[in-house]
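Derivation of every value follows stated rules applied to the coordinates shown; laboratory data play no part. This structure is a prediction, so every number in the text was calculated from the model and none was measured. Please note: Cβ atoms are built from the backbone with ideal geometry, for glycine as well, and neighbour counts cover all protein chains shown.
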Amino acid sequence: MEKRKLSFWEIWNLSFGFLGIQMGFALQNANASRVLQIFGADVHELSWFWIVAPLTGLIVQPIIGHYSDQTWTRLGRRRPYFLFGAVMASIGLVLMPNSDMFTAFMPTLWVGAGMLMIMDASFNIAMEPFRALVADVLPSDQRTLGFSVQTILIGIGAVIGSWLPYVLTNWFGIANTAEPGKVPLSLMLSFIIGAIVLIISILITVFTTKEYSPEEMALINGAEEEESFEESSIWNIFTDFKNMPQTMRQLSWVQFFSWFGLFGMWVFSTPAIAHHVYGLALDDTQSSTYQNAGDWVGILFGIYNAVSAVYAFFLPAIAKKVGRKKTHSISLVIGGLGLISMYFAPNENWLILSMLGVGIAWASILAMPYAILAGSIPPRKMGVYMGIFNFFIVIPQIINALIGGPMVKYLYGDNPMWALVVSGVSFLIAAALVSKVDDVDDTVLTK
């Protein structure tokens, strides 16, 4: 038995839930630092508040991947997990900007940090089963298209999420300022809308997608597929980690430097642009100029995600022409130069050019490593290895979270814009390391 080829719209529905996941993820990335600063966080402490989220992902991802490999329910194999993750992420989205409701029990800042942890952990729970679902359902020659369609939907969702606060303020006149310690109404409504869209989009995928049953997977992949449902010890994760494919080990370094750079951009963009471009003091987090800078960061993040959505349409053709490795390497170089150029931007409008490069890198980061990885993973271990692969996403974020704030204070002279420059250099290192990766089936696909 072979996996059947899906039509474009079937692949679209397969990944449609990613639109809502990324809309919520974009709201978090563009605005979490801003919200935490409103609640009283110092810029040097921002990365520390973000650390719990990737740390939680480090623990959660392989466990979710392992159990999703062993699971079969009325909803299927992967769908129960990303449905649960979506519900929990939606709760975090609604509660984070309303953290002041819980001040009778705990300081607002700590409640906000807790909601950030819940959101990021839940996004992680939802994302990786989605990656595994694409690899489960699609034949090898459609995987690049499948992950590229995911990237397109990620881009669309992220554009909506990133631009929403700006749109609510500038198109509908909803205030983007509030009394000290309070989140502006435009930002609060954006998070609530994001939560609603997240649930709806996930349900569309749940009800329009069919997964292969264990019996069908056994016919496709061999008898070991059925056996995998019985070898359910959680401790097998450590054995799987030790025995990870060579391609996965090589990609781990590419992922490390890619995500080290991304984390620095997400955490420090708002304070960096407010300080370096708008000329504000680091502790100015309540003025209308700071809120405008925060809204502009949302626009910039929306631009790079829009670029990624467009570029993702061309990724399968480019990868088929020059190979997945070269496609990924070139994309990372362009993104790295884009981040470095932010230091030299004379005003906020020039940052749009920087984001064009970041968008190209982001599209490739979301598609190429997974397309390369999927060909090297045993099908019956797809979920757990996708979860283990997340180690190389969250570990660099944890390291950046630990050292990012002190580096801004002691190494960058209190100019967080240097954190974005270092992120660009990190992209360039990742690009160089792509050449060391052995893409198992790239030579077949480019013939």
Query raised in the report: Based on Cβ point charges of +1 for Lys and Arg and -1 for Asp and Glu, what charge dipole magnitude is obtained for the range 8-445 about its Cα centre, in debye rounded to the nearest 20?
Result: 600
Report task. Quickly estimate the mean residue ellipticity at 222 nm for the chain, helices only: each DSSP H run with n ≥ 4 gives -39500 (n - 2.57), and the total goes over all residues, rounded to 500. Result -> -24500 deg cm²/dmol
Report task. Taking DSSP loops as anything outside H, G, I, E and B, show the longest stretch in the chain free of GluC sites (Glu not before Pro) there with at most 10 other beta carbons within 10 Å. Result -> 3-229
Report summary line: Proximal lysine pairs in the range 8-445, meaning Cα under 29 Å and 8 or more positions apart or interchain, come to 15
Query raised in the report: What is the fewest-to-most order of R74, R4, R143, R34 by other Cβ atoms lying within 10 Å of their Cβ?
Result: R74, R4, R143, R34
Query - 3J(HN,Hα) from dihedral phi, the range 271-286, Karplus parametrisation 6.51/-1.76/1.60, rounded to Hz, x for glycine, proline - result: x, 5, 6, 4, 7, 7, 9, 8, x, 8, 5, 4, 8, 8, 10, 10
Query raised in the report: Could you give the angle, 0 to 90 degrees to the nearest 10, between helix 17-38's Cα long axis and the longest principal axis of the Cα atoms of the chain?
Result: 30
Query raised in the report: Normalised by the residues of the chain, what does the relative contact order come to in percent, with Cα pairs under 8 Å and at least six apart?
Result: 28
Query raised in the report: For the chain, what size does the Cα cloud have along each of its three principal axes, sorted from largest down, in whole Å?
Result: 63, 46, 40
